[in-house]
Amino acid sequence: MVDRFAEFKELKNIDKTTMISVLEESFRKVLANMFGSDENFDVIMNPDKGDCEIYQNLEVVPDGEVENKVTQIGLTEAREIDPECEIGEDVAKQIFFEKFGRRAILTLRQTLQTKILDLQKDALYSKFKEMEGEIVVGEVHQIWKRELLLIDDEQNELIMPKEEQIPSDYFHKGDMVRAIVKRVDNPTGNPKVIVSRTDERFLRRLFEQEVPEIHDGLITIKAVARIPGDRAKVAVESYDDRIDPVGACVGVKGSRIHGIVRELRNENIDVINYTQNPQLFIQRALSPAKVSSIRLNEEERKAEVFLHPDEVSLAIGKGGSNIRLASMLTGYTIDVYRDLEEGEEDIYLDEFRDEIDDWVIETLKDLGLGTAKAVLNAPKEMLDQADFEEDTVKHLMEVLKAEFEE
């Protein structure tokens, strides 16, 4: 039995002390079923010897006056156990469990298996609950349409739903995959470990692994924004003036960040210096675009950003990714506007709400097109991102052009 204890600790994540407690509880449950109660029984586990002793504590009564065989014993039979015992005293009668037959052994075995399974589930839940947000490595065991099944080195099952995979992820059975523990679901007492490669914490942990200064606390990641598999922005800050946080994260010739980029399927990662100055932070977040001026509304967490016309498309980015990430990173809703040349006139789209539907205006503003001329001068591919109907685009252009023709 001692060998079995070690086996449980290795394979079932159950320590020796807990295993002993489970065995005792299982024996007691079976005894209670057989005798109606386990109150007058002592169950002694001997892990060093690898055995178990069970004693039934019985009150010694005169021969012929035994009314309850579970709690009493006649004097003659009691003296076979303890020759010096007297009436009114207690004797401990050893119980040999194997003598109770095959049915009792099977009941004990079933009870023990049930309790071990429950312990395994509890241990699994506790282990991975503490690991939420940490990186794990698993081997691809099964591939389904909506999720992957990974097996870690302790044979624990990890589930990666499709939405937690980077869009360009493509795995084969047997591949080793890194991800973070996103959460542990346990609705019916059966823990389900959900792992993710799209969670922003995955990017944070990769930086911690690749950049010693982050791991050692010399550089702090202040904010992260991701469009998984496409692009990300990371704001970092150093508490040591001698350390350049951006340079440390990128590494010599990109040596440090290249590993992270490869892991994230060539996700384009911008690392910027964090600052508590919101205007400067927004300006840095919109890089590589060069901002002319910014007007903030602190209460509504909105920012109106003005740029040279040539910089507008850079600020918005392909598919609106740059402005979207900048908004996520800074916590501000950002609207982009063209700087007007001297004598040039323009009109905010909000002025057209009586002629153009609100949802159309909001969609255009989400693309960074906040004025009439920004829309009129926008490349066709940028307007295509709005996915408007042909009639909607036609009406929009007619209204905006008419304003300037007048």
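The values are calculated or read from the model by the stated rules, or taken from the named source; none is laboratory data. Quantities reported herein were computed from a predicted structural model and do not represent experimental measurements. As a convention, Cβ positions derive from the backbone with ideal geometry for all residues, glycine included, and neighbour counts pool all protein chains shown. Just the protein is used for accessible areas: all its heavy atoms, side chains included, with ligands, DNA and RNA removed. Shrake-Rupley method; radii C 1.70, N 1.55, O 1.52, S 1.80 Å.
Brief remarks on what is shown
- Residues of region 55-88 satisfying the condition of being among the hydroxyl-bearing types (Ser, Thr, Tyr) and exposed (fewer than 15 other Cβ atoms within 10 Å of the Cβ): THR76
- The residues in region 219-267 that are surrounded by fewer than 16 Cβ atoms within 10 Å (Cβ to Cβ) and either hydroxyl-bearing (Ser, Thr, Tyr) or closer than 18 Å to ARG324 by Cα (or both) can be counted, and the count is 3.
Table: residues versus (1) assigned to a helix (DSSP H, G or I); (2) touching a helix residue (DSSP H, G or I) at 6+ places or on another chain (Cβ under 7 Å); (3) among the β-branched types (Val, Ile, Thr); (4) more than 27 Å from GLU300 (Cβ to Cβ).
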residue	(1), (2), (3), (4)
ARG324	yes, no, no, no
LEU329	yes, yes, no, no
GLU345	no, no, no, no
LEU364	yes, yes, no, no
LEU369	no, yes, no, no
LYS373	yes, no, no, no
ALA378	no, no, no, no
GLU381	yes, no, no, yes
VAL393	yes, yes, yes, yes
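- Only strands (runs of 3 or more DSSP E) whose full extent lies in region 167-257 are considered here, and the ones with at least 2 residues that are touching a Pro at 6+ places or on another chain (Cβ under 9 Å) and farther than 26 Å from PHE128 by Cβ are 219-227, 231-238.
- In the set VAL399, VAL305, VAL312, VAL360, only one residue is open to solvent by less than 60 Å² (accessible area, probe 1.4 Å), part of a strand (DSSP E or B) and on the phi < 0 side of the Ramachandran plot; that residue is VAL305.
- Residue match in region 103-120 (condition: acidic (Asp, Glu) and over 21 Å from LEU23 (Cβ atoms)): no
- Selection within region 268-292: residues that are without any contact (Cβ under 8 Å) to a residue 40 or more places away in the chain and small (Gly, Ala, Ser). The member of this set that is surrounded by the most Cβ atoms within 10 Å (Cβ to Cβ) is ALA289.
- The set of residues in region 127-139 being closer than 22 Å to PHE171 by Cβ, open to solvent by less than 40 Å² (accessible area, probe 1.4 Å) and touching a helix residue (DSSP H, G or I) at 6+ places or on another chain (Cβ under 8 Å) consists of ILE135 alone.
- Within region 363-396, if we keep just the residues that are among the hydroxyl-bearing types (Ser, Thr, Tyr) and under 21 Å from LYS318 (Cα atoms), the residue that is least open to solvent (accessible area, probe 1.4 Å) turns out to be THR371.
- Unique residue being in contact with a strand residue (DSSP E or B) (Cβ under 8 Å, 6 or more places away or on another chain), farther than 13 Å from LYS233 by Cβ and modelled with pLDDT of 85 or more when the list is ILE361, ILE316, ILE323: ILE316
- Summed over region 145-177, residues that are in contact (Cβ under 8 Å) with a residue 24 or more places away in the chain, more than 22 Å from ASP118 (Cα to Cα) and either surrounded by fewer than 16 Cβ atoms within 10 Å (Cβ to Cβ) or polar (S, T, N, Q) (or both) total 11.
- Members of region 285-302 that are of a type in the set (A, V, I, L, M, F, W, C) and in a strand (DSSP E or B): VAL291, ILE294, LEU296
- Check on VAL91, open to solvent by less than 40 Å² (accessible area, probe 1.4 Å) and in a loop (DSSP other than H, G, I, E, B): no
- Just one residue in the set LEU124, LEU117 is outside any loop (DSSP other than H, G, I, E, B), farther than 30 Å from ASP63 by Cα and open to solvent by less than 50 Å² (accessible area, probe 1.4 Å); that residue is LEU124.
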